[in-house]
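The values are calculated or read from the model by the stated rules, or taken from the named source; none is laboratory data. Here the structure is a predicted model, which means the values were calculated and not measured. Cβ: placed from backbone, ideal geometry, glycine included. Neighbour counts: every protein chain shown. All accessible areas refer to the heavy atoms of the entire protein, side chains included, with ligands and DNA or RNA removed. Shrake-Rupley method; radii C 1.70, N 1.55, O 1.52, S 1.80 Å.
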Amino acid sequence: MRYTKFFCFLFVIVFAASAFSKEPKDKNKYGVYLAGVSASFTDSLVYFTDVQYLDSAAVDDKDMLVGRALYSLQLKDYLEQKQNGKNRTCFMFFSRKKKNVQKELKKLKEKYTKGGSLFLQDVNPEFKFTKPDVE
């Protein structure tokens, strides 16, 4: 009788724990804040995008942005078509927290303005990152 009560109590505890425990969230489903920077070795103009939230962007198990090269290509293609920016190198800043991306951009802008020989320009706000087809 005593063991029966113990096993019943144990069964109830295991059942309650499994009922109230949450399923682990899939880290790949989180949205990401993105910002892009474009510089060129032959031009003194450095472009900065606004910080944008992209809910369809995914982060892999190593906290790297899935398809990050494709996001850079989006910015590069836009600048080549709309701003006549040839031979530009584009790179991305991303984080799940907007504050982290803003902090990185602020540091980079301070670094670029320190020398005084580079000009910073914002990319037209009409530019928006879109989820690339990653296969």
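Taking amide H atoms as placed 1.01 Å from N in the peptide plane, the amide H of residue 95 lies under 5 Å from those of 33, each 5 or more residues away in sequence or on another chain.
Full extension of the chain segment joining residue 73 with residue 126 gains 17.4 nm, where the gain is 0.36 nm per residue of separation less the Cα-Cα distance.
Accessible surface comparison of 78, 71, probe 1.4 Å, protein chains only, largest first: the order is 78, 71. Taking amide H as placed 1.01 Å from N in the peptide plane, residue 85 has its amide H under 5 Å from the amide H of 80, each at least 5 places away in sequence or on another chain. Taking 31 Å as the limit for the C-alpha separation, the pairs 86/128; 62/82; 62/114 exceed it in the case of 62/82; 62/114.
Summary of packing: across the peptides 39-48, 86-95, 108-117, 61-70, the per-residue average of other C-beta atoms within 10 Å ranks them, highest first, as 86-95, 39-48, 61-70, 108-117. At a probe radius of 1.4 angstrom, the accessible area of the stretch 28-69 per residue rounds to 51 square angstrom. Computed about its Cα centre, the charge dipole of the stretch 68-107 is approximately 360 debye, with only Lys, Arg, Asp and Glu carrying charge at their Cβ.
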